[in-house]
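Just below is one structure, and these are the notes that go with it.
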Amino acid sequence: LLEGSAEFIAFINNDVFVDSHCLREMLSLLQSDDSIGIVGCKTRFPNNTIQHFGQVFAEDKIGRHFCIGYPLNTPATLCDREFQSITHACCLIRRSDFEKLHYDESFIFGEAEDTDFNFRLRFELNKRCIVGHKCTAIHLESATRNKFPPERRMAFEHNYNGIFLPKWGDKIIIDDDR
């Protein structure tokens, strides 16, 4: 990844299947505004309900997928939206921004390192996290691994409670308050 030379880097999980226009739409959105640091897509479950359209935070400060399980035509997801964080299951970022930040190696990969990266993108580079409503894909979410085996729960606890919250907890905006 770091030895490449492309101007943009796409992260796509092995259980995500992008629609034919998805990458083109993400690229168009990312190139439209230099303040945009990362663009994610509206992912859906195979039953055509929303899997991810940005990450929102409640009082417990744990990020949750916005509109998960809602119909694809839910009004709140019919326009491009800025979020505090987005999943990296399917996203596009400028190589120059990624090279400035990288992933924090203290995180166990697969649990909250994307949320940490997005907060660093926002607060260290002053960039925005956007989900493009025309950028769409199917996400089989964890189809290639157990959804929450004990070791994954431990990794989440280590990353989120042990690293992310102490580092960023005071920067999280409770989305009910926005």
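The values are calculated or read from the model by the stated rules, or taken from the named source; none is laboratory data. Values in this document were obtained by computation on a predicted structure and should not be read as measured data. Every residue, glycine among them, receives a Cβ derived from its backbone with ideal geometry; neighbour counts consider all protein chains shown. Each accessible area value is taken on the protein alone, full model and side chains, heavy atoms only, with ligands, DNA and RNA left out. Shrake-Rupley method; radii C 1.70, N 1.55, O 1.52, S 1.80 Å.
Is there a residue in the stretch 45-65 that is open to solvent by 40 Å² or more (accessible area, probe 1.4 Å) and under 19 Å from residue 92 (Cα atoms)?
First, the residues of the stretch 45-65 that are open to solvent by 40 Å² or more (accessible area, probe 1.4 Å): 45-48, 59-62, 64-65.
Filter once more, keeping what is under 19 Å from residue 92 (Cα atoms): 65.
Yes, the conditions are met somewhere in the stretch 45-65.
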Looking at 54, 4 in this structure, which one is more than 27 Å from residue 174 (Cβ to Cβ) and among the small types (Gly, Ala, Ser)?
4
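Tell me which residues, restricted to the stretch 13-43, are closer than 21 Å to residue 111 by Cα, surrounded by 18 or more Cβ atoms within 10 Å (Cβ to Cβ) and at pLDDT 95 or above.
Looking only at the stretch 13-43, we keep the residues that are closer than 21 Å to residue 111 by Cα, and these are 13-17, 37-43.
This time we only want the ones that are surrounded by 18 or more Cβ atoms within 10 Å (Cβ to Cβ), so: 13, 16, 37-43.
Listed by number, the residues that qualify are 16, 37, 38, 39, 40, 41, 42, 43.
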Go through (1) within 23 Å of residue 17 (Cβ to Cβ); (2) modelled with pLDDT of 95 or more; (3) buried (at least 19 other Cβ atoms within 10 Å of the Cβ) for residue 94 and report which single condition fails.
(1)
I need the full set of residues from the stretch 61-78 which are farther than 21 Å from residue 122 by Cα and not aliphatic (A, V, I, L, M), in order please.
67, 69, 70, 71, 73, 74, 75, 77
Apart from one, (1) touching a His at 6+ places or on another chain (Cβ under 8 Å); (2) surrounded by 12 or more Cβ atoms within 10 Å (Cβ to Cβ) all hold for residue 79; the odd one out is (2)
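How about the stretch 18-43: which of its residues are among the aliphatic types (A, V, I, L, M) and within 12 Å of the chain's Cα centre (by Cα)? Don't jump to the end; show me each part of the working.
Filtering the stretch 18-43 for residues among the aliphatic types (A, V, I, L, M) gives 18, 23, 26-27, 29-30, 36, 38-39.
Of everything in the stretch 18-43, those that are among the aliphatic types (A, V, I, L, M) and within 12 Å of the chain's Cα centre (by Cα) turn out to be 38, 39.
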The stretch 105-127, residues that are surrounded by fewer than 17 Cβ atoms within 10 Å (Cβ to Cβ) and either touching a Pro at 6+ places or on another chain (Cβ under 9 Å) or modelled with pLDDT of 95 or more (or both)
123, 124, 125, 126
